[in-house]
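One structure below.
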Amino acid sequence: MENMLKKLLYKIEKLRNGELEDFEILKKHIQSLDEFQYKNIIDRLKFQIEIVEKYKPKVRPAIDPIVSTELGIYRRLDDYEIGKLLEYPECCIKSFVENVRISIDNEHLKEVDEIREELKNKGVYAIVLPSGFIPCSLKCEEAIKRGFIGYLNREEFEKILKLEEELKKKIVHWHFGYSEFYEKIIL
């Protein structure tokens, strides 16, 4: 899972150098950042990777909001490119863009009841996602496989809470709509 953050770092560096194809809009944006902005992104992402690697969570946390902002994610420069850059499953990218799903919605909440029933006796305590990731379904197998959705037992959930607390303390940011690194649905 922490390899996903390392892959993102690698891709950002390759985009900056013009060595990565298929991301024309993001490449242009990242190449336009001044050296201070670019170094800040890289340093903050490396620091987040360092913290996350200590915990080895089953679900990747949201990316530092300052990094996300500087990458143009909140400006929605190109949702398909951003989804690909972040390695979101194609089905989730399409659902987000084409169905304008910008938050956990009623369809997702119906799935919570189904999941609760299906996993009733399996020791699953919570469903956890990175903040800002809106899956096509809370049952999306590809998102689960990639570490964007986790059905966690109590111990795994507690580890996520500890990681999130450390990230909040050590990766200070000002993003008003982004106080958590994880979305958590207690079953």
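Among the residues of the range 5-57, those identified as outside any helix (DSSP H, G or I) and either of a type in the set (S, T, N, Q) or out of contact with any helix residue (DSSP H, G or I) (no Cβ under 6 Å at 6 or more places or on another chain) (or both) are ASN17, GLY18, GLU19, GLU21, ASP22, LEU33, ASP34, LYS56. So for the range 145-158 (the condition being among the hydroxyl-bearing types (Ser, Thr, Tyr) and at pLDDT 95 or above), does at least one residue qualify? Within the range 145-158 (the criterion being among the hydroxyl-bearing types (Ser, Thr, Tyr) and at pLDDT 95 or above), the answer is yes, since at least one residue qualifies.
Screening TYR74 with (1) open to solvent by less than 50 Å² (accessible area, probe 1.4 Å); (2) among the aromatic types (Phe, Trp, Tyr); (3) at pLDDT below 95 gives one miss only, at (1).
Filtering LEU109, LEU163, LEU138 for residues that are touching a His at 6+ places or on another chain (Cβ under 6 Å) and either small (Gly, Ala, Ser) or within 24 Å of SER179 (Cβ to Cβ) (or both) leaves a single hit, LEU138.
Among the criteria (1) of a type in the set (A, V, I, L, M); (2) in a helix (DSSP H, G or I); (3) open to solvent by 10 Å² or more (accessible area, probe 1.4 Å); (4) closer than 24 Å to HIS173 by Cβ, the one ILE104 does not fulfil is (2). Annotation: of all residues in the range 137-153 being of a type in the set (A, V, I, L, M, F, W, C) and over 14 Å from the mean Cα position of the chain (by Cα), the one that is surrounded by the fewest Cβ atoms within 10 Å (Cβ to Cβ) is CYS140. Between LYS46, LYS56, LYS84, LYS39, the distinction of being closer than 21 Å to GLU183 by Cβ and of a type in the set (Lys, Arg) belongs to LYS56 only. Residues that are surrounded by 17 or more Cβ atoms within 10 Å (Cβ to Cβ) and under 17 Å from VAL67 (Cα atoms) were ranked within the range 160-176; the one that is modelled with the lowest pLDDT is ILE171.
Of everything in the range 84-101 that is within 22 Å of ILE12 (Cβ to Cβ) and buried (at least 18 other Cβ atoms within 10 Å of the Cβ), the residue that is modelled with the lowest pLDDT is PHE96. Exactly one residue out of GLU19, GLU81 is modelled with pLDDT under 95, open to solvent by less than 90 Å² (accessible area, probe 1.4 Å) and among the charged types (D, E, K, R), and it is GLU81.
Here the range 22-50 is the region considered, the condition is being aromatic (Phe, Trp, Tyr) and under 18 Å from TYR74 (Cβ atoms), and the residue that is surrounded by the most Cβ atoms within 10 Å (Cβ to Cβ) is PHE23. Checked against the criteria, SER179 does not count as open to solvent by less than 70 Å² (accessible area, probe 1.4 Å) and of a type in the set (S, T, N, Q). Against the numbered list (1) within 26 Å of ILE51 (Cβ to Cβ); (2) over 17 Å from the mean Cα position of the chain (by Cα); (3) surrounded by fewer than 15 Cβ atoms within 10 Å (Cβ to Cβ), TYR125 comes up short only at (3).
The values are calculated or read from the model by the stated rules, or taken from the named source; none is laboratory data. Because the structure is predicted, anything quoted here is derived from the model rather than measured. Using ideal geometry, Cβ is built from the backbone for each residue, glycine included, and neighbour counts are taken over all protein chains shown. In case anyone asks, the SASA skips ligands and DNA or RNA and just uses the protein heavy atoms, side chains included. Shrake-Rupley method; radii C 1.70, N 1.55, O 1.52, S 1.80 Å.
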